[in-house]
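Quick note: the coordinates plus some simple rules give every number you see, no bench work behind them. These numbers come from a predicted model, not from an experiment. No Cβ is skipped: glycine too gets one built from the backbone with ideal geometry, and neighbour counts run over all protein chains shown.
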Amino acid sequence: MKKLILTLFAVVALSVTASAQIKQIKSTQLPAQARTTIRNAWNGAPIVDAWRNKQGRKVEYKASVEDGSTIKFDASGRWIEMKSYGGVPTKMLPQALLNHINKYYEGQQIVWVTKTPKRYQVQLTDGSKLEFNAKGVFQAFL
């Protein structure tokens, strides 16, 4: 019975994995809002790679810019994650979040940030991981 359950679990896991379709696309195939975000936040830096990831009905996009930064977007082109070892652009982050980091982590840059409708999670150059609510108010250490 255990073998049957494990076999069924493996088949389901493989079918879920197989349904994911990651495809390289042209930068012009990114949603318009995604291209605008990159142009504004990275001061017109060229997009060097663009990808579409489709899992069932869920679609996400990922783009890399010339400086090595990567940005993930939802299906409509709203950013959901940014990574940059030189520091992510802060133009798109709540001022309260930036104020907290400047006050308590002077000299640190944000190298990773993820955004949901309810929260932001950030990682700083010193490795600190912090969580903020949607308005940028500090909530917790991660």
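Name the helices (complete DSSP H segments) of the chain with a Cα length along the long axis of 24 Å or more and a Kyte-Doolittle mean of at least 0.0, or state none. Intermediate values should be presented prior to the final figure.
Values: long enough: 2-19 (26 Å, 1.65).
Flagged H segments are 2-19.
Sorting K115, K23, K72 on the 10 Å Cβ count, fewest up front, what's the list?
Values: K115 21, K23 10, K72 18.
With the sparsest Cβ surroundings first, the list reads K23, K72, K115.
Only counting other Cβ atoms within 10 Å, I'd like R52, R39 sorted with the fewest neighbours first.
Working: R52 17, R39 14.
In order of increasing Cβ crowding within 10 Å: R39, R52.
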Normalised per residue, the volume inside the convex hull of the alpha-carbon atoms of region 86-131 in Å³ amounts to 70
Computed FRET value (nearest 0.05) for V137 with R39, which takes r as the C-beta separation and R₀ as 25 Å:
0.25
Qualifying lysines (Cα of each under 25 Å from Cα of K72; at least 8 residues distant if same chain):
K23, K26, K54, K58, K62, K83, K91, K115, K118, K129, K135
Over all directions, the chain yields a Cα convex hull whose mean projected area in nm² is 10.8
With a Förster distance of 22 angstrom and the Cβ-Cβ distance between A32 and M92, calculated FRET efficiency to the nearest 0.05 equals 0.85
